[in-house]
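Worksheet: the structure to be examined is printed underneath.
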C-alpha cells in the first residue's frame, strides 16, 4: 500500500511539473512572437491573470458570437470557435477554484525575450522619464488553459501603457503546437476597449 501511494505521488508530481513546463513554453513562444514586431519597450507584468478569468472572457465572446466584432478579421469568415459550451462547462468546473494569484518569474522561462516587471510598479523619477520617453508597454497574460489533450491552449492577453495608463481590450488567443512552436490559431476580443 505504501508503494502504491508513493508511486501515485511521484506520478502526480511528474505530471504537474510537465504541465507547468508546457504552460511556460506556451507563454514564452507567444510573447516572443508578439514582441518580435514591437517598436516600444515591452515588459511582462509578473502578476498573471487567472485561468478562470480567461475562460470567462472567452465565454463572454462565445455567447455573443453572432456579433462579429468579437472575432479578429481572419476569423470573421470562418466563424471558428474551438471551445463549445460542453467543453467550456468542463473547463470552468476544473478551474473554478483557480483563485491563487500566480507571479511569473525569470526561472519560468528558458529564452524569454521580454523582461519581467514586478506588480505593483513603483517607479523612481528617472524611471518614469525613461518609460515616458520610450512609450513602454506592459503585457498582462493569463496562465494557459490546456484542452484537446494538451494539443491546444487558451490564454488571455492585454497590453497597456506603463506610465500613462490606458489599455487594449482583453484578447483571447487559441494556440496550437505546430513544428515545435506554439502559434496563434484563433483570436477573440472581449469587446471592451479602455
Subject >> region 94-109 - residue that is part of a loop (DSSP other than H, G, I, E, B) and surrounded by 10 or more Cβ atoms within 10 Å (Cβ to Cβ) and, of those, modelled with the lowest pLDDT >> reply: 98
Subject >> Every pair of residues 6+ apart whose Cβ atoms lie under 9 Å, when the first sits in region 97-116 and is over 14 Å from residue 21 (Cβ atoms) while the second is surrounded by fewer than 10 Cβ atoms within 10 Å (Cβ to Cβ) and at pLDDT below 90 >> reply: 113/36
Subject >> Identity of the residue in region 135-155, part of a strand (DSSP E or B) and at pLDDT below 85, that ends up nearest to the chain's Cα centre (by Cα) >> reply: 138
Original post:
In region 75-93, what residues are out of contact with any strand residue (DSSP E or B) (no Cβ under 8 Å at 6 or more places or on another chain), modelled with pLDDT under 85 and not in a loop (DSSP other than H, G, I, E, B)?
Top reply: 76, 77, 78
Subject >> All positions within region 110-134 that are at pLDDT 70 or above and assigned to a loop (DSSP other than H, G, I, E, B) >> reply: 110, 111, 112, 113, 114, 115, 118, 119
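The values are calculated or read from the model by the stated rules, or taken from the named source; none is laboratory data. Just so it is clear, the structure is predicted and the values come from calculations on it, not from any experiment. Methodologically, a virtual Cβ is constructed for each residue, glycine included, from the backbone with ideal geometry; neighbour enumeration extends over all protein chains shown.
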